[in-house]
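Structure record follows, encoded as C-alpha cells.
The values are calculated or read from the model by the stated rules, or taken from the named source; none is laboratory data. Remember, predicted model here, so these are calculated numbers, not experimental data. Cβ placement follows ideal geometry from the backbone for every residue including glycine, while neighbour counts extend to all protein chains displayed.
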Amino acid sequence: MSYQVDHDGYYGQFGGAYIPEILHQCVQELQDNYLQIINNPAFQQEFRMLLRDYAGRPSPLYRAKRLSQKYGAKIYLKREDLNHTGAHKINNAIGQALIAKRMGKKRIIAETGAGQHGVATATVCALMDMPCVVYMGKTDVERQRVNVERMKMLGADVVPVTSGNMTLKDATNEAIRDWCCHPADTFYVIGSTVGPHPYPDMVARLQSVISEEIRWQLREHEGRDYPDVLMACVGGGSNAAGTIYHYIDDDRVRIVLAEAGGLGVDTDKSAATIHLGKLGIIHGSKTLVMQDEDGQIQEPYSISAGLDYPGIGPMHANLARTGRATVMPITDDEAINAAFELTRLEGIIPALESAHALGALPYMKFKPDDVVVLTVSGRGDKDLSTYLQYKSNK
Ligand SMILES: *Cc1c(COP(=O)(O)O)cnc(C)c1O
C-alpha cells in the first residue's frame, strides 16, 4: 500500500475530481498530460534551471545548533524562506507556468488569500511574459495592501471578489468561474495541494524538489539520506507535501504536521481542519472540511493568513486519518512565541505559517541522536507588524 495518489486520483478515500460538467474537458486534458510533461527531460531541464538560477535553489539545510540544544535533538532547518519571493510557493508557480506553456495555454489565472500565491504567480507571469489575472476576496485586498501593490507592479490584473465573505473561498469560486468561461486558452494555477485531481499530485511533484534536496543534503551532513522526523506546517499542504514526498512510504521516518489552532480547537476561532473537519467536498476534492450540520463551510480563523483555509489537501487528510502522520493544532500564541524563539536563538525571522511548525517542537519527545528536519516554509518580513503588535499587547 502506498500513501501516494492512486490511478483514479485518490489518497485512500480522499481526493478525486468533483467538478461541474463544463470543466470536465479542462481537467481531463490536464490529467491526460501532466505526467508526460513533468517527466519530459526538456521540461525537467528548464524547470531545474529556473529553480537554480531564478529561485535560488538548492535551499540550504541548516543545522540549528542552539535550537537543537534547547530541544535535545539534531534539528535541521530546510530554508525555503531563502527562495525568491520568500517562500516555497515559487517552486510550484514556476512548474505550473511551464506546464501551461507546453499545453499551449496563453493566459494564467490564480486565486489568492493572503496574496503570497498571487505574488508568486504574478512573478512567474512577468518572467514568462504571460497575461495574469489574480482573484482575491475584497476583504483580503484591503488587509493585504502590499501584496496587491506587488502583483500590480508585476503586471497582474487583481480582481477583488465581493461575493460571500469576500475571502479565499470566494476568490477560488470566481477563478473556477473564469476557467469555465475560457477553457481553451486559460490555465488555472492553483497554489497548494488542493483542488480536483490532478492538482494535488501535480503540486506535490513540483514541490518534491524539497525532499529530493533533503536526501542528498542529509547524506552530506549525517552520512545517511533519511531523517528520523520530518516537521512542517499545513495550510493546504504544499510545503509539507514537498518536505515528505520522497519519504512518504518510508516507515523509518516519522511525519509531524502542524495545523493552525487559532485561539484553540475548542473555540469557534480555529483553522484546525484535521481536528475539526468532516468528510465533504471543497474546491473539487473530497476531503476534510470545516462545515456545520447543514454542510455549510465554516469560516476558519488563524492569525496566519496562509493557514486560514477551511479544507486540507487530500494527501494530508489520508495521512492523518490512517495514522501515518501526527497532526498537532498549534495556537496563535504558541506560533508567535516560537517565532520569537527562533529569531533570538538562530537569527531567523520565520513566516507566521512556518512558526506553527516550530510551535510543535515543545510537544515532541526526541532522543538525543534523533535527526529532525523542519521546513521553514517562508520568511517573516510580511508578518513583522503582526509580531510587533502582539509584542506590544503583552
Ligand atoms: C502559503 C503558505 C503556507 C501554507 O501553504 P501550504 O500549501 O500548506 O504550504 C505555508 N507557509 C508559507 C510561508 C506560505 O506562504
**Asked** Of the residues that make up the range 211-220, is at least one within 14 Å of the ligand (Cβ to nearest atom) and among the aliphatic types (A, V, I, L, M)?
**Response** no
**Fill in**
Note on F187: of the conditions (1) at pLDDT 95 or above; (2) surrounded by 15 or more Cβ atoms within 10 Å (Cβ to Cβ); (3) in a loop (DSSP other than H, G, I, E, B); (4) more than 15 Å from the ligand (Cβ to nearest atom), unmet is (3)
**Message:** What's the total number of residues in the range 337-350 that are of a type in the set (G, A, S) and out of contact with any helix residue (DSSP H, G or I) (no Cβ under 6 Å at 6 or more places or on another chain)?
**Reply:** 1
**Fill in**
Of those in the range 232-253 that are out of contact with any Leu (no Cβ under 6 Å at 6 or more places or on another chain), part of a loop (DSSP other than H, G, I, E, B) and in contact (Cβ under 8 Å) with a residue 60 or more places away in the chain, the residue farthest from the ligand (Cβ to nearest atom) is D249
**Asked** Of the residues that sit in the range 45-82 and are within 16 Å of the ligand (Cβ to nearest atom) and hydrophobic (A, V, I, L, M, F, W, C), which one is farthest from D369 (Cα to Cα)?
**Response** A55
**Request:** Mind counting the residues in the range 144-163 that are without any contact (Cβ under 8 Å) to a residue 12 or more places away in the chain and in a loop (DSSP other than H, G, I, E, B)?
**Result:** 1
**Message:** of a type in the set (A, V, I, L, M, F, W, C), over 20 Å from H117 (Cα atoms), in contact with an Asp or Glu (Cβ under 6 Å, 6 or more places away or on another chain) and surrounded by fewer than 24 Cβ atoms within 10 Å (Cβ to Cβ): is that true of I281 in this structure?
**Reply:** no
**Message:** When you scan the range 83-90, do you find a residue that is within 15 Å of P350 (Cα to Cα), more than 16 Å from the ligand (Cβ to nearest atom) and of a type in the set (S, T, Y), even just one?
**Reply:** no
**Complete:** Every listed condition ((1) surrounded by 24 or more Cβ atoms within 10 Å (Cβ to Cβ); (2) part of a strand (DSSP E or B); (3) of a type in the set (A, V, I, L, M, F, W, C)) holds for V256 save (1)
**Item:** Considering residues of the range 190-223 that are among the hydroxyl-bearing types (S, T, Y) and part of a helix (DSSP H, G or I) only, the residue surrounded by the most Cβ atoms within 10 Å (Cβ to Cβ)
**Value:** Y199
**Asked** For the range 155-174, which residues satisfy the criterion of being in contact with a strand residue (DSSP E or B) (Cβ under 6 Å, 6 or more places away or on another chain), under 15 Å from L23 (Cα atoms) and away from the ligand (no atom under 16 Å from the Cβ)?
**Response** E174
**Fill in**
Counting only helices (runs of 4 or more DSSP H) entirely within the range 24-96, those with at least 1 residues that are at positive phi, surrounded by fewer than 17 Cβ atoms within 10 Å (Cβ to Cβ) and free of Cβ contacts under 8 Å to residues at least 60 places away in the same chain are none
**Complete:** Considering the range 128-143, residues that are assigned to a strand (DSSP E or B) and of a type in the set (A, V, I, L, M), and then whichever is farthest from G104 (Cα to Cα), we arrive at M136
**Prompt:** Mind checking which residues of the range 381-394 are not in a loop (DSSP other than H, G, I, E, B) and not acidic (D, E)?
**Reply:** K382, L384, S385, T386, Y387, L388, Q389, Y390, K391, S392, N393
**Complete:** Those residues of the range 93-113 which are over 13 Å from P183 (Cβ atoms), away from the ligand (no atom under 13 Å from the Cβ) and charged (D, E, K, R) amount to K101, R102
**Request:** Go through the range 254-269 and give me each residue that's among the small types (G, A, S), within 16 Å of the ligand (Cβ to nearest atom) and more than 15 Å from the chain's Cα centre (by Cα).
**Result:** G261, G262
